[in-house]
Amino acid sequence: LMKSPEDLEFIFELLHVEQPEDYEKEGWQMDADEKLSSVPTLKSEGNTLFGARDYTGASEKYTAALGRLEQLMLREKPGDEEWDELLDLKIPLLLNLAQCRLNLSDYYPVIEHCDEVLKHDPKNVKALFRRAKANVGAWNPGQAKTDFQAAMDLDTSLVNTCKKEILAVEKLEQNKNSADKEKMTKLFS
């Protein structure tokens with residue numbers, strides 16, 4: 001093209017026309033008030049997706065809302081009234097996200113989210129129960145039984161459910177011990 005220049009021809013294909021009122025700002029483009037006002041909307045959208053059993057989509061909405069809240073929390077001093085108000089918005093989102101991840105059998109994030117909730121609210125029964133279920137999935141039977149027991153102690157309506165879960169964990173432990181014993185017998189015979 002340098003030696004013998006030619007006209008270039010460009011072909012553009014219009015894929016989508018977005019009206020100015022349809023434009024949605026990204027989180028980084030928003031100011032603090034816009035971020036704060038978008039959190040309930042994202043939570044509501046996440047709840048709708050959760051109700052439709054779209055746990056991955058709901059997780060994305062909850063994660064976006066949490067990200068915006070965490071950005072706002074960075075501007076505040078921990079323990080201040082504004083920070084505590086943001087934390088009160090964050091805890092239900094963490095619990096919702098933990099339930100989504102639990103439904104997707106992604107156990108380690110569930111444990112992390114519930115740990116964060118329990119750090120601020122040690123008597124949160126939902127967090128204890130969800131962490132216990134995740135610990136069963138991640139094969140931490142001792143921690144699972146401890147969490148089920150703690151949940152049972154805090155909420156008497158969960159006694160029967162937690163006892164069933166503890167028995168199920170003990171049954172899993174027995175099965176694993178039997179399988180391990182069988183493998184060891186074969187290995188050394």
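The values are calculated or read from the model by the stated rules, or taken from the named source; none is laboratory data. The structure displayed is predicted, hence computed values, not measured ones. Side chains included, ligands, DNA and RNA excluded: accessible areas come from the protein's heavy atoms. Shrake-Rupley method; radii C 1.70, N 1.55, O 1.52, S 1.80 Å.
Observations on the structure shown:
- D (Stokes-Einstein, µm²/s), Kirkwood Cα radius, the range 108-150, 0.692 mPa s at 37 °C: 336
- Prolate/oblate/rounded call for the range 1-103, Cα gyration tensor, a/c under 1.5 rounded: prolate
- Residue-averaged 222 nm ellipticity for the chain, from DSSP H runs of 4+ at -39500 (n - 2.57), nearest 500: -24000 deg cm²/dmol
- Heavy atoms of residue 157: accessible area, 1.4 Å probe, square angstrom to 10: 90
- Accessible surface ranking for 7, 147, 1.4 angstrom probe, highest first: 7, 147.
- The shape of the chain comes out oblate: with a ≥ b ≥ c from the C-alpha gyration tensor, a/c is at least 1.5 while a/b does not beat b/c.
- For the residue pairs 43/164; 35/126; 164/186; 90/123; 90/133; 145/176, the alpha carbons lie more than 25 Å apart in 43/164; 35/126; 164/186.
- Each Cα pair of the range 92-189 feeds into the Kirkwood radius, which the Stokes-Einstein equation turns, at 4 °C and 1.567 mPa s, into a diffusion coefficient of 92 µm²/s.
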